[in-house]
Amino acid sequence: MSIYVFFQVFLIVIFIISGISKLISISNFIDTIKELGFSKKFSSVIAIMLSLLEVVVGVSLLFPAIFLLSFIGIFTLIICFSIATWKSFHIVDKVNCNCFGTLADESLGLGSVLKILILFFITVWLLINYNHISIWSHSSLEIITSVMITISTIIIYSFLLLLKKFNKNMKGEYL
């Protein structure tokens, strides 16, 4: 399997799932943005625009003609994610991340910084190794395998977050 194809599919799946899950639970994402100090009206606009941008970026990575433009969108998202994370460090209460809508329950923090860095390095790696070859020219098995690995990673990540929360709740019951 080509690492280039895997990283490209990884970003496509991550952004599409993240954007759609945020749109499905848009009220939660609006609340997260309000918690960061934005007004209700502005939070609604930001939430919808960021969610749609994620979906558009994910889809745009499928088309070589606009592939490089999609990187502008990715870096815009990385900047927005970084600002949100930075703002969360200056708020006393934990701010719900809503990174995958309601699929993953976690707060903004050092984990967010790690995810932002991973997105950044994958994006830079793809740009450096950009090869003008359409994802559609690769075998369907390679693409499907990459999609399944990425979806499995999201599911395992969400499950581990739930397990961590469950473990934390169980410790509280025995104290």
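Throughout, read-outs are computed from the coordinates displayed, never taken from laboratory work. Predicted, not measured: the structure shown is a model, and the values here were computed from it. Here the Cβ positions follow ideal geometry from the backbone for every residue, glycine too, while neighbour counts run over all protein chains shown.
Points worth noting:
- Degrees separating the helix 26-35 axis from the principal Cα axis of the chain, which is the longest one: 60 degrees
- Separation of alpha-carbon centers, the range 104-175 and the range 1-50, rounded to whole Å: 14 Å
- At q = 0.08, 0.16, 0.19 Å⁻¹, base-10 log of I(q)/I(0) for the range 3-174 (Debye sum, equal scatterers on each alpha carbon): -0.26, -0.98, -1.29
- Degrees separating the helix 3-24 axis from the principal Cα axis of the chain, which is the longest one: 40 degrees
- Measuring nothing but how far apart in sequence close Cα pairs (under 8 Å, 6+ apart) lie, relative to its length, the chain scores a relative contact order of 30 percent.
- Label-point separation, S2 to L52 (7 Å along Cα→Cβ), nm: 3.3 nm
- Total charge dipole magnitude, the chain, about the Cα centre, Cβ charges on Lys, Arg, Asp, Glu only, Debye to nearest 20: 360 debye
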